[in-house]
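The values are calculated or read from the model by the stated rules, or taken from the named source; none is laboratory data. Because the structure is a prediction, the values reported are computed rather than measured. As a convention, Cβ positions derive from the backbone with ideal geometry for all residues, glycine included, and neighbour counts pool all protein chains shown. When the accessible area is computed, the model is the full protein with side chains, heavy atoms only, and any ligands, DNA or RNA have been set aside. Shrake-Rupley method; radii C 1.70, N 1.55, O 1.52, S 1.80 Å.
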Amino acid sequence: MLDFFNKKENMDEKRNKLKRELIPNHIAIIMDGNGRWAKKRHLPRIAGHKQGMETVKNITKVASNLGVKVLTLYAFSTENWKRPDKEVDFLMDLPVKFFNTFVPELIENNVRVNVMGYIDMLPKKTQKAVYDAIEQTSNCTGMVLNFALNYGGRAELVSAIQSIASKVSENKLEIEKITEKVVDANLMTGKLAPYNDPDLLIRTSGEERISNFLLWQLAYSEFVFTDTLWPDYSEEDLLANIYTFQTRDRRFGRLKEEKK
Ligand code: FPP
């Protein structure tokens, strides 16, 4: 994986290989491979999710220390309800466990929690954990830890279209004034402005799909796929993935020579 890391280098030397001015502002991660991690160890799938939660804690601190502005994590999709009840119940309990144990460290690291998704469809205990964490970290001014919980990109676009259409039908918005900015503001990422769109999307576990994640916002993101399973994903993996990002030539549709 990490051709650019020398095995003898310590973590500080590895960190110093990154260009500080090119740390992505917004990183989004599709945390995949919890089930396979557990299967390899002859453990139930939920053991993989539990270990995945520990990875979330570690990567949150690492990203915050690197100066990332927004870390968006795909924790539960609108399609994940199709999993067995026992697994869904466990996944719905994870935010409760996570915030119960981790909010003090989030505050210590000046990290603010945001959650995007259809929260009112979650069990009451999950909603409470989420809203409490948002409230408890509301004065933090550092990185935003943005969980996508019961989130789906197509559903998000439908909701945005409905909200824009209702403004038009109430004569609060003219059709000609519907711009990309208006769409941005009506998406669930509107609150993350000016960092609505991920600069870097990472998917773990070797799968190379976007699985209904941030369909509008990923238009110009760089994609990096890694074989590491999410519970094994470490600081070293994140540094290596950011290094790959820093070697990319982002042109946003322009030619290489143009610098406007
Ligand atoms: C995908 O792995 C993972 C999920 C659907 C759940 C992601 C949840 C976590 C990482 C836990 C952290 C959550 C919080 C709120 C702190 P998979 O089960 O599809 O793995 P597989 O493809 O190997 O079966």
| query | How much of Phe252 can a 1.4 Å solvent probe reach, expressed as accessible area in Å² and rounded to 10? | reply | 100
| So what does Lys167 come to for accessible area, using a 1.4 Å probe and Å² rounded to 10? | 80
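Could you give the Stokes-Einstein D for the chain in µm² per second, using the C-alpha Kirkwood radius, 37 °C, 0.692 mPa s?
After rounding, the answer is 168 µm²/s.
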| field | Portion, in percent, of the accessible area of the chain that falls on carbon or sulfur, probe 1.4 Å | value | 51
| task | On each of the three principal axes of the Cα atoms of region 174-248, give max minus min coordinate, whole Å, ordered largest first. | result | 49, 24, 20
| message | Please list log₁₀ I(q)/I(0) at q = 0.15, 0.16, 0.23 Å⁻¹ for region 130-257, using the Debye equation with identical point scatterers on the alpha-carbon positions. | response | -0.95, -1.04, -1.41
| said: Per residue, how much accessible surface does region 1-56 expose to a 1.4 Å probe? Answer in Å², no decimals. | reply: 61
| Rounded to the nearest 10 Å², what accessible area does Ile178 show when all protein chains are kept and the probe is 1.4 Å? | 70
| query | Using only helices, what value at 222 nm comes out for the chain when you add -39,500 (n - 2.57) per DSSP H run of length 4 or more and divide by the total residues, to the nearest 500 deg cm²/dmol? | reply | -13500 deg cm²/dmol
| Simple spin-label model, 7 Å along Cα-to-Cβ: Gln162 to Arg209 in nm? | 2.5
| said: I need the semi-axes of the equivalent ellipsoid of region 86-167: take the C-alpha gyration tensor, multiply each eigenvalue by 5, square-root it, list largest first in whole angstrom. | reply: 25, 18, 10
| task | Take the Cα atoms of region 1-128, find their three principal axes, and give me the spread along each one in whole Å, biggest first. | result | 45, 35, 25
| task | Hey, for a label at Asn100 modelled as a point 7 Å past Cα toward Cβ, could you say which residues of region 53-89 have their backbone N under 16 Å away? | result | 53-54, 89
| Of Asp232, Asp120, Asp12, which has the most accessible area with a 1.4 Å probe, and how do the rest follow in descending order? | Asp120, Asp12, Asp232
| field | Loop-located chymotrypsin sites (Phe, Trp or Tyr not before Pro) in region 209-238 whose Cβ has at most 15 other Cβ within 10 Å (DSSP) | value | Tyr220
